[in-house]
């Protein structure tokens, strides 16, 4: 008897075995994970796109057992009207973040169109004077004993109700205890520059027909 040596057809046998067990699923190769270069490119694209958005400018203040602090922020958003809730995003590295958590309350002062120097001061780059210096503006005791900016376009005194993780920032949900609307037009920020808002007259539906 002659025994002939041969190469086993492993692939065919495996395929036949899968079919006999009712398995005819092919495993596709996984896509490569994003590289560090891709992450950097996305970050730059994201920042560039965000420059095309328009946001309001607020100085968020707090006072209490942890002391008085303030910080310029652009991420202030209403969440609900029933009950009134708004959120602010605070960089975790800012001393104001720890103070707001310890004090349990904050006031979002919406800056008026002529208050951009105040925004610069509490962003840490004052045109004159010291950074984060309350002497750059006029304040009065507001609701919840929080510093209220005189001449602001609006003010919202809040108690911290909840906190969420926002990577480098903390997302603080504030239960609004007091809301005030001023007469001044709000300050806007876009294209890395401050801007004035111009009210647009409501469109009459009859004129568009």
Scanning the stretch 69-91 residue by residue, the ones that are free of Cβ contacts under 8 Å to residues at least 12 places away in the same chain and either in a loop (DSSP other than H, G, I, E, B) or more than 15 Å from residue 55 (Cβ to Cβ) (or both) total 3
Determine, yes or no, whether residue 152 is surrounded by fewer than 20 Cβ atoms within 10 Å (Cβ to Cβ), in contact with a strand residue (DSSP E or B) (Cβ under 7 Å, 6 or more places away or on another chain), in contact (Cβ under 8 Å) with a residue 12 or more places away in the chain and more than 15 Å from residue 63 (Cα to Cα). no
Mind checking which residues of the stretch 115-132 are surrounded by 15 or more Cβ atoms within 10 Å (Cβ to Cβ) and part of a loop (DSSP other than H, G, I, E, B)? 115, 122, 123, 126, 132
Exposed (fewer than 15 other Cβ atoms within 10 Å of the Cβ) and touching a strand residue (DSSP E or B) at 6+ places or on another chain (Cβ under 7 Å): which single residue out of 95, 84, 186 fits that description? 95
If you go through the stretch 65-77, how many residues are more than 15 Å from residue 107 (Cβ to Cβ) and either within 17 Å of the chain's Cα centre (by Cα) or surrounded by 13 or more Cβ atoms within 10 Å (Cβ to Cβ) (or both)? 3
Scan the stretch 104-114 for residues that are under 21 Å from the mean Cα position of the chain (by Cα) and either closer than 17 Å to residue 56 by Cβ or part of a helix (DSSP H, G or I) (or both) and jot them down. 106, 107, 108, 109, 110, 111, 112
Consider residue 162 against the criteria (1) touching a helix residue (DSSP H, G or I) at 6+ places or on another chain (Cβ under 6 Å); (2) under 29 Å from residue 46 (Cβ atoms); (3) free of Cβ contacts under 8 Å to residues at least 60 places away in the same chain: it satisfies all of them except one. Which criterion is unmet? (1)
Exclusive hit being touching a strand residue (DSSP E or B) at 6+ places or on another chain (Cβ under 9 Å), in a strand (DSSP E or B), at pLDDT below 95 and surrounded by 12 or more Cβ atoms within 10 Å (Cβ to Cβ), set 179, 195: 195
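The values are calculated or read from the model by the stated rules, or taken from the named source; none is laboratory data. Since the model is a prediction, treat every value here as computed from it, not as a measurement. Cβ: placed from backbone, ideal geometry, glycine included. Neighbour counts: every protein chain shown.
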